[in-house]
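Here, each number is a calculation from the coordinates, and none is a lab measurement. These figures come from a predicted structure and were not determined experimentally. Cβ sites come from the backbone with ideal geometry, for glycine too, and all protein chains shown count toward neighbours.
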């Protein structure tokens, strides 16, 4: 299992939100590049980055920050937020981004996801499924839908998607532990057909152990690293080397 330390960007700053609420923005680090290099030093091979401004505006906003990390570290960058077109995906991949996240587009423009997978390959595209009470939310979590998260995953698998990030919005930024039940249900419903990355609620090494034992592909860690409740080096060592 891989560990993906996270940096969310808003107004050029490294921030975290509480349950996806933009009014709860908390600055967690002063320099994105130094933070990323710290993750690399701790042994991480991937970094998960989100353009919060982009998610809200529906277009890339903080592009230089992500390309800086891709160019000036050895980390593989997984990036989401405001990616709504084949052109944007292509630009990011040419800039050195390793994997692009399609979130709102998976629900609102499934044809885009199919085209992206066909054009760039399933290794380059990950679908972010963000859910509240099991129902998918879009547009930076500002819009709710009546689509169940497992139903969306199964539909995306039919389109060739092989990587998913599942976030329980009610857990995100809360340090209350991952949603074991929903992750387990998603894993069991898609077993063998895709790679699942857990996101939201990671607190301590117990969450890393749960996700690894569940058979997940990866776990995203954000607030737990910044608040010091999870040792990134220890998490990487356990997840990737055992």
In square nanometres, what is the average projected area of the Cα convex hull of the range 110-176?
4.9 nm²
So which residue, out of 198, 42, 111, gets the largest mean-square fluctuation from a GNM of the chain using Cα contacts under 10 Å as springs?
111
Relative to the compact-globule scaling 2.2 N^0.38 Å, provide the ratio for the alpha-carbon radius of gyration of the chain.
0.90
Counting DSSP beta bridges with both ends in the chain, the antiparallel % (nearest 5):
30 percent
Dimensionless Rg ratio for the range 66-146, taking C-alpha atoms and the 2.2 N^0.38 Å reference
1.13
A correct fewest-to-most ranking of 170, 30, 199 by other Cβ atoms within 10 Å would be 30, 170, 199
The range 181-242: projected area of the alpha-carbon convex hull, averaged over directions, in nm²:
4.0 nm²
Can you tell me what share of the DSSP beta bridges in the range 132-220 is antiparallel? A percent to the nearest 5 is fine.
35 percent
Highest mean packing first, using Cβ neighbours within 10 angstrom, the peptides 53-65, 124-136 sort as 124-136, 53-65
Where both residues lie in the range 105-171, what percent of DSSP beta bridges are antiparallel, nearest 5?
50 percent
If you average the C-alpha positions of the range 18-83 and of the range 114-137 separately, how far apart do those two centres end up, in angstrom?
18 Å
Tensor-based shape of the range 6-136 (alpha-carbon gyration tensor, a/c under 1.5 rounded, otherwise prolate or oblate)
oblate
Could you put 79, 112, 33, 17 in order, starting from the residue whose Cβ has the fewest other Cβ atoms within 10 Å?
33, 112, 17, 79
Along its principal axes, what span do the Cα atoms of the range 163-205 show, with the longest given first and each in whole Å?
30, 20, 17
Give the relative contact order (percent, whole number) for the range 2-241; include only Cα pairs under 8 Å separated by 6+ residues.
19 percent
